[in-house]
Amino acid sequence: MNTLAFSSIDQLKRKISSKEVSTSELLSFFLRRFEMFNAELGCAIELFDQESLSIDSQKTGLLHGIPGIIKDNIAMKNRKLACASHMLEGFVSPYDATVTQRLKEQGGISLGRANMDEFAMGSSTETSAFHKSFNPWNLACSPGGSSGGSAVAVAAGLVPWALGSETGGSVRQPAAFCGIVGLKPTYGLVSRYGLVAYGSSVDQVGIFSRTVADSALILSIISGQDVRDSSSLQQPAKDYLHLLQNRQQRPMTIGIVINSIETDGVNPEVISALSAAIKTLESLGHSIKHVALPAIEDSAAAYFIISRAEAASNLARFDGVRYGYRDKAAKTLSDLYMHSRAGGFGAEVKKRIVIGNYVLSAGHSDEFYQNAQKVRQEIAQEFEQTFKDVDILLMPTHPAPAFKIGSFATNTLQMDLQDYFTCPINLAGIPAISIPCGFSTDGMPIGMQLVGPHKGEEELFAIAHQFEQATDWHKRHPQAYM
Ligand code: GLN
């Protein structure tokens, strides 16, 4: 096996400090992996040239010389930022997002821009205006989305870490589809400054990694208050990795969300993988409690409305005048607006803007938007109430393993339901992590989702790490890239 390609950050750091490999060798090695495999995987929209990266890789710090990749909706100074859309094609960011800046300060370098669904709208990375991404476990399957490119890069051993973004599940679902770890932090824990907005009240930067400990390391670097983001939580950064490594694990009460398992529509292989995982957790001394969260059944509908409403207002700025692609042939101002927006945005984005404006329009906003907000409140309260009885919740990340590319081309409702088990967590603003917990009989990864209370990342990491140590799922890699 190609040990370097599938090493965790921690293992790579050891190799660097024992001089087994130098940082410049690592940089060339991972760039070469992209050269070999990016054409078939489609995970990066752009790769940066080695010379420009070499300067950044000199920086010492917690990620000294450890390459990763950042999603194309997170700003990197003097690099293009397109959100995989023609609307922003050619735009060069004049500044770093806070997360980018914090990673750079610790020596972390992004080798390029990871592919995504256009403006993070989608669950398959098929709506990228540039090209699709493909699941390294089976190229006929979707890697999930919208952060599909980031997930593929980690899963295929092209980088050990990647950043994605979450609005309704865009890190956890691709992590589950690709057999890696995906974290969605508590809303406000990680700055959104420099993350192109989709649904501002739900957006969060998320992390892909091979191990839970690596996720804790990256979160320690990127989290913490940021005065440039008014929704940023007022608390100092925590060293989650240190906390994880120095923790005496106590027995926890794990709430199994019974209506996410005993329900129609969840693939039996997912259920059996989860049942085995529950047994493992019990054998580690944790107790199990069955809980019902009926409000999650309304989440996808509430998320649908809230995300479209916020998208419509956030994307209003891309009008060819203030931002974005401009149709230079337009003769009148209204033609300029109309043709620029029609030419710049892809079909999925346009559809969402239309729906968003409709649910916010006079006469309809009470029925749709205000009601969706009420449901959102109920969901948050239900979680809060449940966390009085349990420490952590467990549910599937996704009802089934990765689907084939093109599966939902004509059934967009089915595509929207991809967020069924992930979006309640975004609506409630709480943290969740997806970790590998099994494989289907045709060899596709299955993910399990652990959900924590508000700011419960420490507990989440602890239990996810303990499960990871007791199992081997995270050690499996797609054969073709080993
Ligand atoms: N699939 C969801 C959507 O299209 C989630 C996307 C996301 O989390 N960015 O809205």
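The values are calculated or read from the model by the stated rules, or taken from the named source; none is laboratory data. Computed from a predicted structure; not experimentally measured. Here Cβ is always computed from backbone atoms with ideal geometry, including for glycine, and neighbour counts include all displayed protein chains. The accessibility values were calculated without ligands, DNA or RNA, using every heavy atom of the protein model including side chains. Shrake-Rupley method; radii C 1.70, N 1.55, O 1.52, S 1.80 Å.
Observations on the structure shown:
- Among 220-232, 106-118, 244-256, the peptide with the highest mean count of other Cβ atoms within 10 Å heads the list, and the full ranking is 106-118, 220-232, 244-256.
- Relative contact order of the stretch 257-416, pairs being alpha-carbon contacts under 8 Å that are 6 or more residues apart, as %: 32 percent
- Label-point separation, Gln248 to Met36 (7 Å along Cα→Cβ), nm: 4.7 nm
- Shape call, the stretch 20-134: gyration tensor on alpha carbons, a/c limit 1.5: oblate
- Computed over the chain, relative contact order equals 17 percent, with contacts defined as Cα pairs under 8 Å that lie 6+ residues apart.
- If you wrap the stretch 44-101 in the convex hull of its Cα atoms and look at it from every side, the mean projected area works out to 4.2 nm².
- Three-way shape label, the stretch 227-275, alpha-carbon gyration tensor, a/c 1.5: oblate
- Taken about its Cα centre, the stretch 383-482 carries a charge dipole of roughly 320 debye when the Cβ of each Lys and Arg holds +1 and the Cβ of each Asp and Glu holds -1.
- Think of a 1.4 Å ball rolled over the protein heavy atoms: the stretch 1-110 then has 43 Å² of accessible area per residue.
- Along the stretch 68-82 the Karplus relation, 6.51 cos²θ - 1.76 cosθ + 1.60 evaluated at θ = phi - 60°, assigns HN-Hα couplings of x, 9, 10, 4, 6, 10, 10, 5, 10, 4, 6, 10, 5, 9, 10 Hz to successive residues, with x for each Gly and Pro.
- Contour minus Cα-Cα distance for Arg476 and Asp327 (0.36 nm per residue): 48.8 nm
- Test item: Cα-centred dipole of the stretch 221-340, Lys/Arg +1 and Asp/Glu -1 on Cβ, debye: 500 debye
- Taking the protein heavy atoms of the stretch 91-245 in the context of the full set of protein chains, the accessible area attributed to carbon and sulfur is 53 percent at 1.4 Å.
- Fraction of accessible area attributable to carbon and sulfur, the stretch 1-56 (%, probe 1.4 Å): 48 percent
- Mean accessible surface per residue for the stretch 119-204, computed with a 1.4 Å probe while every protein chain stays in place, in Å²: 13 Å²
- Distance between the 7 Å Cα→Cβ label points at Gln385 and Val21: 5.1 nm.
- Along its first, second and third principal axes, ordered by size, the stretch 182-298 spans 44, 38, 24 Å in Cα coordinates.
- P(r) of the chain over all Cα-Cα pairs, binned every 10 Å from zero, in whole percent: 4, 22, 33, 27, 11, 2, 0, 0
- Solvent-accessible surface (1.4 angstrom probe) belonging to Ser52, in square angstrom, nearest 10: 30 Å²
- Modelled FRET efficiency - R0 45 Å, Arg14 with Ala409, Cβ distances, 0.05 increments: 0.50
- Our helix-only sum for the chain, with -39,500 (n - 2.57) per DSSP H run of n ≥ 4 divided by its residues, gives a mean residue ellipticity at 222 nm of -11000 deg cm²/dmol.
- Our coupling estimate for the stretch 268-281, obtained by passing each phi through the Karplus curve with A = 6.51, B = -1.76, C = 1.60 and θ = phi - 60°, is x, 5, 5, 4, 6, 5, 5, 4, 5, 5, 4, 4, 4, 5 Hz, Gly and Pro reported as x.
- Of the residues Leu47, Leu62, Cys83, the one whose Cα sits farthest towards the positive end of the charge dipole of the stretch 29-88 is Leu62 (charges of +1 on Lys and Arg Cβ, -1 on Asp and Glu Cβ, taken about the Cα centre).
- Taking the square roots of 5 times each eigenvalue of the Cα gyration tensor of the stretch 361-451, largest first, gives ellipsoid semi-axes of 28, 23, 7 Å.
- Stretching the chain fully between Ala347 and Ser200 yields a gain of 50.8 nm (0.36 nm per residue, less the alpha carbon separation).
- Given charges at beta-carbon only (K, R positive; D, E negative), |dipole| of the chain in Debye: 1020 debye
- With both labels modelled 7 Å from their Cα along Cα-to-Cβ, the Lys279 to Leu47 distance reads 4.4 nm.
- The spacing between the stretch 348-385 and the stretch 225-247, judged by their C-alpha centroids, is 30 Å.
- Fully extending the segment from Asn267 to Asn78 would add 63.5 nm, taking 0.36 nm per residue of separation and subtracting the current Cα-Cα distance.
- The mean sequence separation of alpha-carbon pairs under 8 Å and at least six residues apart, normalised by the residue count of the stretch 1-72, gives a relative contact order of 40 percent.
- Element breakdown for the stretch 258-410 at a 1.4 angstrom probe: carbon and sulfur atoms account for 54% of the accessible area.
- Rounded if a/c under 1.5, otherwise prolate or oblate - the stretch 9-67, Cα gyration tensor axes: prolate
- If R0 is 45 Å, the Cβ-Cβ spacing of Glu105 and Ser334 corresponds to a FRET efficiency of close to 0.45.
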